[in-house]
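The values are calculated or read from the model by the stated rules, or taken from the named source; none is laboratory data. Because the structure is a prediction, the values reported are computed rather than measured. Virtual Cβ from ideal backbone geometry, glycine too; neighbours counted across all protein chains shown. Note: areas computed on protein heavy atoms with side chains; ligands, DNA, RNA excluded. Shrake-Rupley method; radii C 1.70, N 1.55, O 1.52, S 1.80 Å.
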Amino acid sequence: SPVAETFRVIQGAMSEEYVRTTQGVFQFELSGDEGGTWYIDLKTKGGSAGSGKPPVTADVVMSMSSADFVKMFTGKLKPTLAFMSGKLRIKGNMALAIKLEKML
C-alpha cells in the first residue's frame, strides 16, 4: 500500500543525526483509503516509524487524507501549501512540525 510503503521508506531513511537534531514524535491521523493512525518517532534512540500509536506521546499530531500524505512525502504537495489550503491540520508543537518539513 502507498502509505505503508511511504513509512517503510521513512524508516529506512532515519539516522541518529535526524533523531538527535529533531527530538520529536509525530502522529498522523489519516483518512480515506488505508486511513488510521501512523507515527514517526524521532526522539527515541534510533528512531522508528510505522502503523499505530507512537511508543511515547506525540509532540505533533497531523491530520490529513492518506492520498495527500503520500503526495506530501513524495514531494508532489508542499506541506505549507497543504496547511494553508486546509488539507493538513496540525495540533501541538509547530516548531517541530516545521523541522519535519525540512526533513522531507
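Need one value: the accessible area of Lys43 in square angstrom, 1.4 angstrom probe, rounded to the nearest 10.
Accessible area, nearest 10 Å²: 80 Å².
If you put +1 on each Lys and Arg Cβ and -1 on each Asp and Glu Cβ, how big is the dipole of the chain around its Cα centre, in Debye rounded to 20?
On the way: 13 positive and 10 negative charges, 51 e Å.
In debye, rounded to 20, the chain gives about 240.
Using only DSSP helix segments of four residues or longer, with each worth -39500 (n - 2.57), what per-residue ellipticity at 222 nm results for the chain after dividing by its residue count and rounding to 500? Numbers along the way, then the final one.
On the way: 5 runs with 43 residues, N = 104.
Value at 222 nm, helices only: -11500 deg cm²/dmol.
When only Cα pairs under 8 Å and 6 or more residues apart are kept, what is the percent relative contact order across region 2-102? Intermediate values should be presented prior to the final figure.
Values: 180 pairs, mean separation 26.5, N = 101.
Relative contact order here is 26 percent.
Could you check what % of the DSSP bridge pairs in region 2-102 are antiparallel, to the nearest 5?
Values: 15 of 21 bridges.
Approximately 70 percent, going by the DSSP bridge assignments.
Ranked highest first by average number of other Cβ atoms within 10 Å, how do 86-92, 60-66 line up? Provide the component values of the computation, followed by the final result.
Values: 86-92: 15.4, 60-66: 19.7.
Highest-to-lowest ranking by the protection proxy: 60-66, 86-92.
Distance between Cα centroids, region 65-87 to region 1-48: provide it in whole Å.
When both Cα centres are located, 15 Å separates them.
Please list, by residue number, everything in region 71-103 whose backbone N is under 19 Å from a paramagnetic label point 7 Å out along Cα→Cβ of Gln11.
73-74
Can you spot the lysines whose alpha carbon is less than 20 Å from Lys53's alpha carbon? Ignore those fewer than 8 places along the same chain.
Lys43, Lys45, Lys91
If you take P(r) over Cα pairs in 5 Å bins from 0, in percent from the coordinates, which of [x] 2, 11, 19, 20, 17, 13, 8, 5, 3, 1, 0; [y] 3, 13, 26, 29, 21, 7, 1; [z] 2, 13, 25, 25, 17, 9, 5, 2, 1, 0 do you get?
[y]
Under a 1.4 Å probe, what is the accessible area of region 2-102 per residue, stated in Å²? Walk me through the numbers on the way to the answer.
Numbers: 5400 Å² over 101 residues.
Here the residues of region 2-102 average 53 Å² of exposed surface.
Quote the accessible area belonging to Asp59 in square angstrom, nearest 10, computed with a 1.4 Å probe and with ligands, DNA and RNA left uncounted.
40
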